[in-house]
Amino acid sequence: MYNVDQYFEPETIDEATALLAEHPNLLIIAGGTDVLIKMHSGKIAQADLLSIRKIKFLETIQKRQDGTLSIGSLATFTQIANDPIIKENIPVLKEAALSMGGPQIRNVATIGGNICNGATSADSASTLFALNAKLKLQTQGGERVIPIEDFYLGPGKVDLKPGEILTEIVISPEDYQDYGGHYIKFSMRKAMDIATLGVSAICRIKNGVFEDVRIGLGVAGPTPLRCQEAESFAKGKTVSAQTLAEIGKLAVKSTKARTSWRASKEYREHLVEELSQRALKVAIKNAGGESLA
Amino acid sequence: MTVNVVGKRVKRVDAVAKVTGKAKYTDDFMERDMLVGKILRSPYAHAIVKKIDVSKAKALPGVEAVLTYKDVPDNKYATAGHPYSLDPKHRDREDRTILTKKARFVGDEIAAVVATDDLTAEKALKLIDVEYEVLEPVLTPEDALKENAPLIHEEYDNNIISDFGYQIGDVEESFKESDYIFEDEFETSIVQHCHLENHISYAYVDADDRIVIVSSTQIPHICRRIVGQALGIPWGRIRVIKPYIGGGFGNKQDVCLEPLNAALTLAVGGRPVKIDLSREECMIATRTRHAFKYKFKTGVSKDGKLIATHITAISNNGAYASHGHSIAMSAGTKFRPLYSFKSIKFDPVTVYTNLPAAGAMRAYGVPQIKFALESHMENIARKLNMDPIEFRRRNLLGEGYVDPLNGNKVLSCGIHECIAKGKELINWDEKKEKYKNQTGIKRRGLGMACFSYASGTHPVGLELAGARIVLNQDGSVQLQIGATEIGQGSDTVFAQMVAEVLGIPVDMVHVVSTQDTDISPFDTGAYASRQTYVTGMAVKKAALEIKEKILNFVWGMTDIPAEALDIEDANIVYKHSGEVVMPLSKVAMQTYYDTVFAKPITSDTSNNARVNAMSFGVTFAEVEVDIKTGKIEVVEIFNVHDSGKIINPQLAEGQVHGGVSMGIGYALSEEMLFDEKTGKPLNNNLLDYKLPTIMDTPDIGVAFVETHDPTGPFGNKSLGEPPAISPAPAIRNAVLDATGVAFDRIPMTPQRVFEKFKEAKLV
Amino acid sequence: MLKKISFTVNGKEVSLEVNPGETLLEVLRKRLGYTGVKKGCAVGECGACTVLIDGTPTDSCIYLAVWADGKEIITIEGIAEDGKLSKVQEAFVEEGAVQCGFCTPGLVLTTTAMVQSGKKYTREEIKRELSGHFCRCTGYQNIIKAVEKSLED
Ligand SMILES: Cc1cc2nc3c(=O)[nH]c(=O)nc-3n(C[C@H](O)[C@H](O)[C@H](O)COP(=O)(O)OP(=O)(O)OC[C@H]3O[C@@H](n4cnc5c(N)ncnc54)[C@H](O)[C@@H]3O)c2cc1C
Ligand code: FES
Ligand code: FES
């Protein structure tokens, strides 16, 4: 039994934002796979919950006419893994979704919860970083849209203002069309594990040259992050083993890894260098480039 | 037709109950108004309670009782599931009380509450005010052994539980005869059983004022004794019931909850109280597997013959003795029947630290020593430039070996055949050739490791097992044993044994799976891979006795001498022709209802096994190592066992599968971690403690070399624990083969592998 | 604060008032007596508490009972039909996929969902589908065999 006193279950987003405005202490719950775990461990001793599970339209995954992809915050990882729109347009997110937890967790855990929980290890985050995803946050009074990079403030800390609900994750066509990507979750087990490092690489290639490379990393710092130096270096470079090696080296420069009982800083950095290349190699293939040995 | 059921793939007798959800485990029994017991655990690894105030907790509505160390008997007791010894010198160290004033690890039990529900109990725990005097924690065995180390148990002079060892021959002399001396050091980590059902029990006082405890235990009869000792009440006043249990692996061969549970029910006037440990609690506050540090110094001759070995071991026992030094001694004993040494010196020391208490875990100290010994053997063979298999073969002991210290004799040994079979299964020669000159990022390698093990604990422990059989009116029988089914399949093999002896189909044998100390015959329980061997003999004796009684009864009925009769397929038959005399059911009815001769047939026997059979086996493993990431993957793995006659191949394979998968976790990923400064557990949950998932488990190949051991009831020897012994060293040796890097520590986590590879300049 | 909810368990309609902090696991086990649903961790790590919610395998320990309102729940007790073992249960018995049995109900349910999906699975996909279940006894070998057998036409 969790220590829950108040419980609300609105069916529309307006009701939900109104309730939040009225009861600022309410804790939003979606799949509950973070919230309830924290309640079990005592990190959250007691809570009044606002469940957003009944707001059905938040489950929608769609491609708008202009090519913009919109993923409702309540979409579960299973839904994302099986969704034809995701598979066709951003298969790298499908890879990330499938790497997460185990089936029963994926069946209830939502992408919105994954992001709002603020963990650097969130399996969807590095890919959404690489895709320049934007988040739509709604309050009673209005809404704002911010880049996902700005949303993450620190470990477990996100820029979710009182009264706000994450409703949608938006990806613009120019950010994913003609890109190929690949996600590597490096963890101790092949399922039911938290990433030691998450690497999501996407790229666009023309005539053997990188037009664009974007690398998102999880657990390489207190928040997910992008490898700016490596990315700017890569632009316009020939796709080659040397370029990749340099990208790998530069990727490490963007990291702020630390030593914990899970892995040392040195090892994580070593993994960043190696795995960013490996991820990119597959991404190159998926982007239609020649595969490198 | 003869019903020949021993050796057959008979379906588990409890499988249907388990796939339908009908099998009842401790938590599945609903007593009316069951109260909840919860434990206040120390946040410090080493501390003394200066002040404790429970008044606020007591005042909380819904709280029925709050107990601290002041409210429980001050009896020191030992918790290990060992048979009792009448000789006080031979008893386990008694170093515990039900609750403690002194915390000796993070999670130690200071106080307990009884409340109407979970939430109230948890709130009450928070309302207990404790003032601790925090002491310096002792977190490594080296620190514990220091001259002025803080004492973890003040009543002893130091932190050493025991340093008793032995010497066979004279190692120093033998070293002089040796052409080479090799030295190695190895280290294993603390791991946990992770049975799927956590420790759980409930207790109440019945109408006769006796304490009834229903518990997920491997050792109900021992549990009864220990509860009696802890509470200082007559043992007969306690009744322990063991229903189905969701795994134990040795962790429930220890008495963890029951004494407190008994105290809690007494504190609330005998109302039922349940203690249901969370996974997080279970992982620290029950038992773990001892971490060992081993040093080997071994003398070898030019032609690759082992001459002498001097083994030094430090065993990290954690905060309480539990099985204590028995683990180190078991390790030092069970490896002996494998290789021939002229002299052996074994110098173990078992020490207290401020970490969770270590106890029994599958193969009782042997996975640790075997990791070390088989890694050492591999290193030696390589240094001698000898084929590691040939090197081992040259030194194997085999049949006829009599252990100089305990007198156990090897009467059957298939180790050579096991090695040959394993080699063939993994395609050793061909692959060895193929993997000779690898330079890529992913490299493959092959490794192997051997083991020897015992069946039960004779002569160290008393090996007593009871069995009782009752013939029912329809010719079926009930079998009662005090030995416990914990998932390993003992109920099924016992049913097969009875069916075999009695000449009836297995489904006519009803095994009473629940043990109840008021009803079940005495047996010390599930451990030491003893049950099929020791209890099996009791079962066989009971079945033989029943059979004799039945045939004698028929003699009385028919004047056909018992010697001329047999039972086949539930019929009484002429022995010489197989012609049916009458159905068994007819005899059975007569035994109950014949107005003159009625005398229901039962047997009630006990087996005190003063024998022990050595089992043997080998693991062959192939790994692929990612040089850059440090990831090791087991590609193929085969375990080949000589466990004597295999009573049920399907169940036996299942034991091997489970043991090997545990062994893989032991080699590669499993390890309990604690903060180096505070001793706080870091990964006491199933997400952070890395036991293998189905995706991490390769196909596991199993084969048996069936010998016949004359001391086993059907030629059988131990099998429950052995599969977990040799995978880790085989994997380690395969990694050495693939990379040239000799690991001296498990688990070989990617982080550690990376560090070693860096040292070796591979990355 | 109690909430009234209605749902079906193994086809039987149930209405009851629950506390919003209660889990489906607790309601099924303690209030409705479906003790075949097991608890191994209470935090979504082990899969022992898996039930089918509208056909989907779900860890009932981290599923609030209030969420079950209007759902169809299947527990292990609802798998055998008229006392006859289902094909999945048969396969688990036949293949020796059961040892201590504590993980078994959850695994049988997930396998049942796989069979009901009508999909074909490779061995790797089978492993992925089962990867939310820990089993410490069997090394998963006979479980995979049982699942393959269950999925045979
Ligand atoms: C066994 C297990 C394994 C796991 N494995 C992984 C893994 O491999 N990879 C991984 O990344 N994570 C993993 N997780 C963590 C967790 O499942 C994910 O983070 C998940 O995506 C959280 O989603 P949820 O819907 O369950 O979130 P909830 O627990 O419902 O919420 C999480 C947080 O987000 C807030 N929130 C949720 N939705 C919104 C919204 N729309 N607007 C504003 N705030 C919101 C909540 O208030 C809460 O703070 C695992 C968890 C468990 C228990
Ligand atoms: S009890 Fe629910 S997943 Fe373990
Ligand atoms: S059979 Fe025991 S955990 Fe699976």
Cα long-axis angle, helix A:241-253 against chain A (0 to 90 degrees, to the nearest 10) = 40
Whole-percent pair-distance distribution, where bins are 10 Å wide, for the alpha carbons of chain C | 12, 43, 33, 12, 1
Given Cα pairs under 8 Å that are at least 6 residues apart, what percent is the relative contact order of the stretch A:4-51?
-> 61
How are the Cα pair distances of the stretch C:87-151 distributed, in percent, across 5 Å bins from 0?
-> 4, 21, 36, 27, 11, 2
For the stretch B:519-574, diffusion coefficient by Stokes-Einstein and Kirkwood Rh (Cα), 20 °C, 1.002 mPa s, µm²/s = 162
Using θ = phi - 60° and the Karplus relation 6.51 cos²θ - 1.76 cosθ + 1.60, list the HN-Hα couplings for the stretch B:705-716 in order, rounded to whole Hz, with x at every Gly or Pro.
-> 10, 8, 9, 10, 9, x, 8, x, x, 10, x, 8
Enumerate the amide H contacts of B:Gly318 below 5 Å, restricted to partners 5 or more residues apart or on another chain; note that Pro and chain-start residues carry no placed amide H.
-> B:Thr353, B:Leu355, B:Ala358
Mean separation of Cα contacts under 8 Å, 6 or more apart, over the residue count of the stretch C:3-77: relative contact order % = 41
Output ³J(HN,Hα) for the stretch A:148-160: one whole-Hz value per residue in order, computed from phi by the Karplus curve 6.51 cos²θ - 1.76 cosθ + 1.60 with θ = phi - 60°, and x for Gly and Pro.
-> 4, 4, 6, 6, 7, 9, x, x, x, 10, 10, 8, 9
Tell me, what % of the accessible area of the stretch A:177-286 is carbon and sulfur with a 1.4 angstrom probe?
-> 48
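If the only charges are +1 at each Lys and Arg Cβ and -1 at each Asp and Glu Cβ, what is the size of the charge dipole of the stretch B:590-630 around the Cα centre, to the nearest 20 debye?
Details: 3 positive and 5 negative charges, 56 e Å.
Magnitude of the dipole: close to 280 debye.
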Would you pull out the residues with amide H under 5 Å of B:Lys345's amide H, same chain only if 5 or more places away, H placed 1.01 Å from N?
-> B:Ile168, B:Thr309, B:His310, B:Ile311
Could you tell me which helices of chain B pass both thresholds, a Cα extent of 20 Å or more along their own axis and a mean Kyte-Doolittle hydropathy of at least -0.5, with helices taken as whole DSSP H runs?
-> B:366-383, B:536-558, B:649-668
To one decimal place, what Kirkwood hydrodynamic radius in Å is obtained for the stretch B:169-297 from all pairs of distinct Cα atoms?
-> 17.1
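For peptide A:95-105, compute the average count of partner chain beta-carbon atoms within 10 Å of each residue's beta-carbon. Write out the running numbers ahead of the final one.
Values: counts 0, 0, 0, 1, 0, 0, 6, 17, 15, 20, 8.
That average works out to 6.
Sort C:Glu26, B:Glu548, C:Glu90 by heavy-atom solvent-accessible area, probe 1.4 angstrom, most to least.
Working: C:Glu26 30, B:Glu548 115, C:Glu90 80 Å².
In descending accessible area the options line up as B:Glu548, C:Glu90, C:Glu26.
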Largest-first ranking of B:Lys690, B:Lys540 by accessible area, probe 1.4 Å, whole protein assembly kept, is B:Lys540, B:Lys690
Summarise the accessible area of chain C (1.4 Å probe, protein heavy atoms) by the percent that is carbon and sulfur.
-> 45
Output ³J(HN,Hα) for the stretch A:62-67: one whole-Hz value per residue in order, computed from phi by the Karplus curve 6.51 cos²θ - 1.76 cosθ + 1.60 with θ = phi - 60°, and x for Gly and Pro.
-> 8, 10, 6, 4, 7, x
What span do the alpha-carbon atoms of the protein assembly as shown cover on each of the three principal axes, reported in whole Å from largest to smallest?
-> 99, 76, 68
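Compute the relative contact order of chain A as a whole-number percentage, counting only Cα pairs closer than 8 Å that sit 6 or more residues apart in sequence.
So the answer I get is 15 percent.
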With a Förster distance of 30 angstrom and the Cβ-Cβ distance between A:Ser240 and A:Lys63, calculated FRET efficiency to the nearest 0.05 equals 0.30
Cα-based helix-to-principal-axis angle, A:265-286 vs chain A, degrees rounded to 10 | 80
Amide H proximity to A:Gly102 below 5 Å, modelled H, separation 5+ or other chain, gives A:Met192
Note to self: with every protein chain in place and a 1.4 Å probe, the stretch A:65-176 gives an accessible area per residue in Å² of 33
Cβ charges +1 (Lys, Arg) and -1 (Asp, Glu), total dipole of chain B, debye | 700
Label model pair B:Lys89, B:Tyr592: point-to-point distance (7 angstrom along the Cα→beta-carbon line) in nm is 5.4
Per the helix-only calculation at 222 nm, which mean residue ellipticity applies to chain B, given -39500 (n - 2.57) for every DSSP H run of n ≥ 4 and division by its residues, nearest 500 deg cm²/dmol?
-> -8000 deg cm²/dmol
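Would you kindly calculate the mean projected area, averaged across all directions, of the convex hull enclosing the Cα atoms of chain B, in square nanometres?
On the way: hull surface 139.0 nm².
Mean projected area for chain B: 34.8 nm², to one decimal.
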The aspartates and glutamates whose Cα lies under 17 Å from the Cα of B:Lys586, excluding any fewer than 8 residues away in the same chain, are B:Asp474, B:Glu548, B:Asp559, B:Asp566, B:Glu568, B:Asp569, B:Asp594
Dipole axis of the protein assembly as shown (+1 Lys, Arg; -1 Asp, Glu on Cβ), positive-most option in B:Gly398, A:Pro84, A:Gly236 | A:Gly236
Label A:Asn82 and B:Lys442 with points 7 Å out from Cα along Cα→Cβ: what is the distance between them in nm?
-> 3.0
Please identify every one of the trypsin sites (Lys or Arg not before Pro) in the stretch A:59-143 that sits in a loop by DSSP and has no more than 14 other beta carbons within 10 Å of its own beta carbon.
-> A:Arg64
Filter the cross-link list B:Lys126/C:Lys3; B:Lys421/B:Lys717; B:Lys252/C:Lys38; B:Lys51/B:Lys101; C:Lys3/C:Lys39; A:Lys54/C:Lys12 down to pairs whose alpha-carbon distance in this structure exceeds 21 Å.
-> B:Lys126/C:Lys3; C:Lys3/C:Lys39; A:Lys54/C:Lys12
Counting only DSSP loop positions in the stretch A:164-252, the trypsin sites (Lys or Arg not before Pro) whose Cβ has at most 16 other Cβ atoms within 10 Å are A:Lys235, A:Lys237
Compare the Cα positions of B:Ile181, B:His193, B:Ile222 along the charge dipole of the stretch B:179-228 (+1 at Cβ of Lys, Arg; -1 at Cβ of Asp, Glu; about the Cα centre) and return the one farthest towards the positive end.
-> B:Ile222
Taking Rh as the Kirkwood radius computed over alpha-carbon pairs of chain A and applying Stokes-Einstein at 37 °C with viscosity 0.692 mPa s, one gets a diffusion coefficient in µm² s⁻¹ of 169
Considering only protein heavy atoms, with the full assembly of protein chains and a 1.4 angstrom probe, order B:Asp559, A:Asp123 by accessible area, largest first.
-> B:Asp559, A:Asp123
Lys, Arg +1 and Asp, Glu -1 on Cβ, resulting dipole of the stretch A:4-51 about Cα centre, debye, nearest 20 | 360
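The values are calculated or read from the model by the stated rules, or taken from the named source; none is laboratory data. Everything numeric in this text was worked out from a predicted model, so none of it was measured. Don't worry about glycine lacking a Cβ; one is built from the backbone with ideal geometry, like all the others, and counts go over all protein chains shown. Heads up: the accessible areas ignore ligands, DNA and RNA and are worked out on the full protein's heavy atoms, side chains in. Shrake-Rupley method; radii C 1.70, N 1.55, O 1.52, S 1.80 Å.
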